[in-house]
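The values are calculated or read from the model by the stated rules, or taken from the named source; none is laboratory data. Remember, predicted model here, so these are calculated numbers, not experimental data. Cβ: placed from backbone, ideal geometry, glycine included. Neighbour counts: every protein chain shown. Ligands, DNA and RNA are excluded from the accessible area calculation, which covers all protein heavy atoms including side chains. Shrake-Rupley method; radii C 1.70, N 1.55, O 1.52, S 1.80 Å.
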Amino acid sequence: MSAQRVILVVHDDPAVREGLRVDLSDRYEGRLGILAAGSTDEASDLVAALTGGDRLALVIAGADLVRSVSDSVALAPHDPVVVVVRPQGDEAAAVAAVTTLHAARSVGVPWDRDRELYPIVDDVLDDWDAGHPTSVESVIMVGHRWARHAHELKDFLGRNRVPYRWLDVDHGRDAASTLERLQLRDAALPVVILPGGEVLADPDVVTVAAALGMHTHADTLFYELAIVGGGPAGLAAAVYGGSEGLSTLLIEAEAPGGQAGTSSRIENYLGFPAGISGADLARRALTQAEKFGVEVVAPQRAVELEVHEGYKTLGLADATTITCRALVIATGVSYRHLHTPGLERLAGAGVYYGAATTEAQAAEGESVFVIGSANSAGQGAMYFSKFADRVTILVKGNDLAEHMSRYLVDQIEAAPNIDVQTRSHVVEAIGDDHLEALRIERLATGAVEEVDASFLFVFVGADPRLEWLAGRVATDARGYVLAGPDLAVDGRPGHGWPLARDPFHLETSVPGVFVAGDARHGSIRRVAGAVGEGATCVQLVHRYLASAPA
């Protein structure tokens with residue numbers, strides 16, 4: 001019998017336990033294994049007895065047993081999600097279980113299996129499946145641990161949820177034997193081996209994407225709405241554009257989710273009290289967009305914009321063009337690179353900008369440093385702390401709370417292996433082919449200390465990615481796009497605004513070109529804000545299309 005996913009029910013009330021087992025068996029038997037236990041010890045024994053590659057995918061436990069069950073079966077960061085069973089109407093128990101016990105969802109007793117139990121189980125299993133591909137790895141990559149190009153490819157595959165297996169030539173014999181078997185001993189690394197056996201030697205991301213059959217070219221030449229950027233703002237605009245009947249194209253340069261897609265856990269997004277990873281949020285939004293008929297092209301870049309008689313023409317990196325009536329700019333921002341000696345030379349070889357979660361497991365038992373004091377730095381530090389021996393956050397200011405949400409500050413202060421060093425910054429990164437040490441200056445005293453370091457993740461400042469616009473829309477001095485009332489000069493629309501009407505709230509200096517999310521001047525830099533602006537853009541697009549000549 002082939003390996004299967006397993007659901008474990010743990011409840012001390014026999015009637016509840018049996019009712020759950022029967023309902024789950026009615027729907028999932030044959031596709032999933034269903035186990036039931038009346039105590040923590042019994043649950044632990046059942047999990048320990050799993051054989052043949054069976055994997056525990058979901059735990060459904062009584063509210064009073066969740067914590068002990070999680071501890072007894074040693075749930076790790078990527079292990080089963082937990083659904084809590086609590087008395088119907090006891091919202092306090094539900095809130096406590098979901099927030100303090102980090103459960104995925106909760107279901108009341110008694111339950112409506114068709115309206116409550118099954119939809120919740122389906123939803124959390126979809127999340128688990130996305131992070132635990134059940135098929136054999138579709139891609140094998142062989143390379144050096146610190147190779148910069150290899151990191152780029154791993155990050156691309158991971159963010160696009162393409163299962164792959166990494167073989168390090170510096171550790172173990174698997175990499176060498178694979179190269180030997182395929183007669184690739186002299187091939188340029190990294191080597192990417194596709195499921196059908198095709199071998200790519202030292203390929204770039206675009207080559208790998210094309211070889212995997214990813215949708216990298218637009219299907220048609222004209223769309224009512226085009227969106228450049230697949231972060232939360234762009235995905236929201238795509239969902240609303242598609243759901244309201246607009247022919248919609250979403251163009252993403254790297255992977256859906258944007259910068260937010262790399263966040264290990266977003267805990268202050270409305271409707272997800274247990275938090276949600278940026279990758280899961282992006283996956284859900286992408287599924288919604290595609291359900292509404294949105295065409296998604298990735299990886300693909302917009303490289304220029306032309307506007308003629310109201311039509312917007314985008315030149316793409318593949319030398320093709322598409323034309324649209326309305327355009328949403330949602331390209332977000334990129335982390336600013338520091339000019340500290342050694343950092344640029346070691347970028348991708350121990351030094352990473354943003355939450356390079358594909359490298360987190362490689363940091364197991366290592367010393368990790370994080371530079372930054374905003375939420376992205378805090379989320380990254382919490383995620384890395386699950387793998388690293390110690391995580392040190394370096395902050396130039398006096399206090400994390402100056403820029404970070406209180407909930408994250410509290411989590412960091414409670415984490416036993418996270419150290420926050422204020423009034424400190426890196427003055428040099430040291431290493432030959434990879435990061436080996438950092439020189440850190442203590443600003444209060446001017447003293448410089450050299451410390452061993454294997455990984456450095458930088459979350460300092462960000463800049464918009466708008467070079468492709470070549471100044472065709474008005475921006476502020478820092479390059480962020482001006483829109484709506486921010487275009488006003490002396491109380492009237494300025495910056496070359498050509499129409500008698502005022503620009504709509506998120507409309508740029510070019511009629512029919514809108515901006516949403518972090519690329520906009522004055523944005524609040526929150527996922528919820530970006531989603532709201534993306535959705536609002538579509539309402540403004542409708543107003544523009546209704547007023548513009550066909």
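How big is the Rg/Rh ratio for the chain, C-alpha atoms only, Rh by Kirkwood, two decimals? Result for the chain is an Rg/Rh of 0.98.
Cα convex hull, region 233-291: 79 Å³ per residue, rounded to a whole number. Each part reduced to its alpha carbon centroid, region 19-34 and region 302-339 end up 49 Å apart. The slack between residue 219 and residue 547, meaning 0.36 nm per residue of separation minus the straight C-alpha distance, is 115.3 nm. Pairwise Cα distances in region 432-521 exceed 17 Å in 62 percent of cases. The value of relative contact order for region 200-258, using C-alpha pairs under 8 Å at least six residues apart, is 34 percent. Only helices enter this figure: runs of n ≥ 4 DSSP H residues, each worth -39500 (n - 2.57), summed and divided by the residues of the chain, yield -8000 deg cm²/dmol at 222 nm to the nearest 500. Cross-link reach is defined here as a Cα-Cα straight distance under 25 Å, omitting same-chain residues fewer than 8 places apart; for residue 386 the lysines meeting it are 154, 396. Over the chain, accessible surface divided per residue gives 44 Å², non-protein components excluded, 1.4 Å probe. The apolar share of the surface of region 141-196, taken as the fraction of accessible area on carbon and sulfur atoms (1.4 Å probe, ligands and nucleic acids excluded), comes to 46 percent. Compared with the alpha-carbon gap, the fully stretched path from residue 525 to residue 12 is longer by 180.1 nm at 0.36 nm per residue.
In units of the rule-of-thumb radius 2.2 N^0.38 Å, region 357-486 shows an alpha carbon radius of gyration of 1.24.
Here the relative contact order of the chain, from alpha carbon pairs under 8 Å that lie six or more residues apart, stands at 11 percent.
Here region 172-306 was treated as a single set of alpha-carbon atoms; its pair distances binned every 10 Å from 0 give 11, 31, 27, 20, 9, 1 percent. Calculation over all alpha carbon pairs of region 444-486 in 10 angstrom steps from 0 returns a P(r) of 18, 28, 19, 18, 16, 0 percent. With Cα atoms as the point set, the radius of gyration and Dmax of region 398-550 evaluate to 22.3, 67 Å. Look at the dipole of the chain built from charges on Cβ: of 4, 44, 270, the Cα furthest out on the positive end belongs to 270. Which residues among region 499-521 fall inside the zone where the amide N is under 19 Å from a point 7 Å beyond the Cα of residue 309, along Cα→Cβ? Once the point is set 7 Å along Cα→Cβ of residue 309, 499, 511-513 turn out to lie under 19 Å by backbone N, inside region 499-521.
These residues, 174, 112, 123, 432, go from largest to smallest accessible area, 1.4 Å probe, as 432, 174, 112, 123. Remark on residue 510: its backbone amide H falls under 5 Å from those of 474, a criterion applied only to residues 5 or more positions apart or on other chains, H modelled at 1.01 Å from N.
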